Each structure stands twice: as structure tokens, then as C-alpha cells.
Amino acid sequence: MAQEDIFKKIIAHAKEYGFVFQSSEIYDGLSAVYDYGPNGVELKNNIRRYWWDSMVKLHENIVGIDAAIFMHPRTWEASGHVGAFNDPLIDNKDSKKRYRADVLIEEYMEKLEQKIEKEVSKAAKRFGDSFDEAMFRQTNPRVKANQDKIDAIRNRMVKALESENLEDLRQIIIDAEIVCPVSGTKNWTEARQFNLMFDTKLGSVSEDASKIYLRPETAQGIFVNYLNVQKTGRMKLPFGIAQIGKAFRNEIVARQFIFRMREFEQMEMQFFVRPGEELKWYEYWREARMKWHKALGMGDEKYRFHEHDKLAHYANAAVDVEFNFPFGFREVEGIHSRTDFDLGSHEKFSGRKIQYFDPETNESYVPYVVETSIGLDRMFLSVFANAYQEEELTNDKGQKDTRVVLNIPPALAPVKLAVLPLVKKDGLPDIAREIIHNLKFDYNCQYDEKDSIGKRYRRQDAIGTPYCITIDHQTKEDNTVTIRDRDTMKQERLKIEELAGILEKKVGFRNILDSLQ
RNA sequence: GCGGGAGUAGCUCAGUGGUAGAGCAUCAGCUUCCCAAGCUGAGGGUCGCGGGUUCGAUCCCCGUUUCCCGCUCCA
């Protein structure tokens, strides 16, 4: 089956079994916004818990916070989002390609720059030692003309960007006769402003209301709380702050189901370290995070690192953990060495001293940061998509049969145990209810007496329940039940008292967390 | 945003210018069964939304919205 067909089935399965619904579906839905259903929220909560426990419970020096989605607008100036997330875009009508207008102009100026450099190096060769570059630049008419042109365009562009004059930005492109690199034509649309941050008004009286943004990343909530956490928690470097929360981006194109949503959830941990030690810690977290992923047992070959060739303005090292989705290897997590960019920038914008006094060296400095940032919804999709299996079976009569099973790592499964009375009489349902009553405080259990036993097993397979126990007539005689394994479909008989211990071992978080240490 | 395809029951889909169908699923009853598909019955849809053409539109036309596939950005 083609990969996209499988992906379609996965999306259909997610809806049919209550994992993911489109937002506001009865009103035709909202583009790139999704809701999690009853089984979806369980799976999501379990992923969240696996992450949180592995960070906050297992590390003495990592603590959690939960910062608000609304933040002071200056935060986003300091972080660079107001600049970087406000792109003037322009389309070429012939090639249908979209460009950032300012980048298009920058590239044009670079070309002029290259022309000048060529002239200069040619002249340098000709005149040898006696060549005076400064003089040549000032006097050579061709070089001077190009240099003047560059200066004029740059001035005009800076002005246009500052005043957000999109018409003039477009006019620069027209006047300079910049062509589309693909189609080679000058057939441009209007330039439009795209703001990737959502904004709203704070204050109920409209005249006094001020514009604030929904956070486009959770990291800044950690950075602005660095001092609070460090001082109140008496934290010593190196230490980390973890946070799980929603972030919002008004994506131009949002697609591939829940892979790219406008409202999404991040699980981030910012690790503060002594300057100069950031690359050591970067290496540490890179390996630690990969181990965390692989510990789920979804297959080591499903993961790979993707090194960044060009780094963001705030980073001095960066790598992605990529997962093999039905549509190819894509990023689920990023590990970035963010230097002192964020804290340093907040220091500048806020005027507060955001530093750490190091008792070992008797020095004060702005800590460096190593970030691990994982998309919770992407993690959900990786688990869900990877779990979806269609198995071909043959029964005792030799008939073919297809079984749809979600091979979810047991610790993450929405329902851990289904308790099924073989028949709904002879007191078997009562025994089933009693077993559930004893286990439901620790494990999500489900009761089902409807339809044949085989059908009930298949229903549980479809939502990834790792174990089904069946109450039969023998149960009444010796207090034993059969336990059926989702993956092997094999059954074993065991005593009811043994159930809790078995579940702890097979579906609990303890073993998997222990393997990380 | 641009181009291509699609939207009919919870799911997968059929169908016709004249009041809407199947299979699966759901619910009730029978059956009491250890790996889907036993029997009987029931519920469920202004055919994505809005407008137009028509005596009459789920079907034809226009707009819109959502999803899928390409082109660009990102967690």
C-alpha cells in the first residue's frame, strides 16, 4: 500500500476511535486546528507524563513551571519574534513562487556587491602592489554607480520596512527590475504582511486596550522566570527548568494532520550552564533525548539526527531528532545551544541584571542555555502513526482475516486493561466489575460484555489496549482468569491476585523510566 | 496564498433533474460462544454551507468553507 494511503487510514482511524477530531467540525471545521477525543487525551496525557517524569522526577536539578500564555509584549521584541515573524511576502504570478520581499531585495544587492568585488579584484591584479582599493572604489565609474545604487536601495528598504510601507517595498522590486529566480519574469503580486503571531487586546475598554500576543513558543516563559526560579529554588548551575504548554503560530500553510497546527503544545526544558560548557551539555542532552525516544521501543531505525547547516540567530549548535512518519523523516524535537542570547537580550530590554553568581569562580555572568524542545502533538502523531498495523490472519478454518491493531507502547496506551466476562450471566459480570474496582485507581480499565469475545478483543486491539482479561466459568472455581496479549494474541491463565503485579511490570512507567538512568 | 482532486448516515462508499441507498458500526431482544462477519427488530442524513438556473437541484452554474496532493516556512 502506498504511504499516503496508509496515512489516510491512520487519520480516519484517529477519528473513528476517538483519538483526534477536527475542531468545530459541525461548523465545517477550522483549518489546522484539532481536538483530542477520549482516547486521544489519554494517550497525550501519558506522553506528557513520560516526558515530565523523565525530566523533573528523575533529575534533582530540573524543576518545572507553568507560565501564562499571555506575556508582556516587550518579551517578543527581546526574543526577536516581532522582527523575524513579521515577513513582507510577495508572489510571482508566473512561477507561483512566494518570496520574502526584503530577502529578494537583499539578494539583488548581493549580486551587485559581487559585481563590484569582481571589478575590484580584476583591478587589483592589473595594478599589483600599487593598487589602492579605497581609491578605486571611489573613482571607478562602474563601481561607484553600483555602490550608489546599493546604498539607495538599502536606505529605501530600511525606511519601507520601518514604516511597514508595503507598496514602496514592492516598488523597489519593480524599479530595480528584480526578476523571479524561477520564472525570470517581473510579474509580481502586491506585497503583503504576514504576521505569524496571533494578537489580541488586553483590557476590556477598547481605547485603553493594548495589543498583546499569544506566545509563539513556550521558551520565553522560562527565560523571563529564570531569576525567580533560580533564587527561590536556590538552584545552582547547571540546572534546568521544564515546561509543557500551548503555543500559537498563524502558519501560512498548515497541513499534514496534526503535524503542523496553529495551536500546538510544546514540552521544553531549558538547561542553564556555565559559559564555555554549553557544547559539553549540548552533547549530553542530544544523547539523553535520543535515548528517551528509543526507550519507547518503537524501533531505533525510526529515528535519526538531522544536523543544522545554517544556525538560527540565537544558536551556536543545533540538531533535530527526526522520526520516520508516513510522509518521511520529520522533526519531532530540537536540541539547541542557545548561548546567552535570550537571557542577555532580556537583560538589555528589561534593564534587569539577569546573572548568576558562581561561588566556585567568584564571578557573575549571564548563563548559557541548552534547550530541548519537543512538539507534544508531533510526538503523539509519531506514536499513533507508528502503532497503526493491519495484520493478515488466518483462522482455524483457513479463512483470511485482517486485524487492525494499534501497537502503542504499553505505558502510553489509553486503556491498559479490558475486563471481559465470557458470557453476561452466571455471575461473571459481577466478578469482572469487582476486578475493575480493585484496579481502576492505578490503571485505566474498560468493561465490555457486548458481542462475541473475539469481537471484543478486536475492539480493544483497535485502540491499542495491551491486555484483555477474560472471566470464564473456571474463574468461579479457582479465582483464575485468562490474560490475552495484544501483540501476540496469546493467552495465559493466572490468579486474580497476580494481576496488579503483572500490570505494574508490563504497563507501568517505572521500568521504562528506570531504563533511562 | 496559488494549482489539482474531493466533501452523501458514526466509518467506507454507491446513486439520480422528480421527497435518499448498501455494507460495516450503533441500540434493543434472542443465542452463551475464547479471537471480526449467528438470528430478529430499531434508530440515524435539510446529500459541507450560501446563492443562482429550473415548475422542481443531492445532481447543472457561481461563490464559500473544510480535507487531501504539490510549491514555500516551521515545533
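Which whole-number percentage describes the relative contact order of the range A:318-358, with Cα contacts under 8 Å and a sequence gap of 6 or more?
After rounding, I find 27 percent.
Any chance you could check the Cα centroid distance between the range A:257-303 and the range A:422-441 for me, in angstrom?
42 Å
Mind checking the range A:299-385 for chymotrypsin sites (Phe, Trp or Tyr not before Pro) that DSSP puts in a loop (not H, G, I, E or B) and that have at most 15 other Cβ atoms within 10 Å?
Hits after loop and neighbour filter: A:F327.
Report, in cubic angstrom per residue, the convex hull volume of the C-alpha atoms of chain A.
243 Å³
Per residue of chain A, what 222 nm ellipticity follows from adding -39500 (n - 2.57) for every DSSP H run with n ≥ 4, rounded to the nearest 500?
-11500 deg cm²/dmol
At 37 °C and 0.692 mPa s, what whole-number value in µm²/s does Stokes-Einstein give for the translational diffusion of the range A:1-56, with Rh from the Kirkwood sum over Cα pairs?
257 µm²/s
With no solvent and one point per C-alpha, what does the Debye sum give as log10 I(q)/I(0) for the range A:177-333 at q = 0.09, 0.19, 0.20, 0.21 Å⁻¹?
At q = 0.09, 0.19, 0.20, 0.21 Å⁻¹ the computed log10 ratios are -0.48, -1.39, -1.44, -1.48.
Provide the descending list of Cα extents for the range A:382-492 along its principal axes, expressed in whole angstroms.
Rounded to whole Å, the extents work out to 39, 38, 22 Å.
Applying a 10 Å radius around every beta-carbon, put A:228-238, A:418-428 in order of their mean neighbour count, most first.
A:418-428, A:228-238
Which value, in debye to the nearest 20, gives the size of the charge dipole of chain A about its Cα centre, when Lys and Arg are +1 and Asp and Glu are -1 at the Cβ?
Charge dipole of chain A: 380 debye, to the nearest 20.
Can you flag which of A:K302/A:K505; A:K15/A:K44; A:K231/A:K291; A:K44/A:K506; A:K416/A:K505; A:K111/A:K149 are past 21 Å Cα-Cα?
Violating the 21 Å limit, Cα to Cα: A:K302/A:K505; A:K231/A:K291.
Over chain A, calculate the relative contact order: mean separation of alpha carbon pairs under 8 Å at least 6 apart, over the residue count, as a percent.
After rounding, I find 14 percent.
Do any trypsin sites (Lys or Arg not before Pro) in the range A:442-517 lie in a DSSP loop with no more than 13 other beta carbon atoms within 10 Å, and if so, which?
Qualifying residues, ordered by number: A:K450, A:K490.
Given the Cα atoms of the range A:387-435, and with Rh set as the inverse mean 1/r over their pairs in the Kirkwood sense, what is Rg to Rh to two decimals?
Rounded to two decimals, Rg/Rh equals 1.13.
Can you report the principal axis dimensions of the range A:306-404 using only the alpha carbons, biggest first, rounded to whole angstrom?
Extents along the principal axes, in whole Å: 79, 30, 24.
From the residues A:A318, A:I26, A:L43, which one has its Cα farthest along the dipole of chain A in the positive direction, the dipole being from +1 and -1 charges on Cβ of Lys/Arg and Asp/Glu about the Cα centre?
About the Cα centre, the residue reaching furthest to the positive side is A:I26.
Computed from the coordinates by the stated procedures, all read-outs in this text should not be read as laboratory data. In this text, all values refer to a predicted model and were calculated from it rather than measured experimentally. Please note: Cβ atoms are built from the backbone with ideal geometry, for glycine as well, and neighbour counts cover all protein chains shown.
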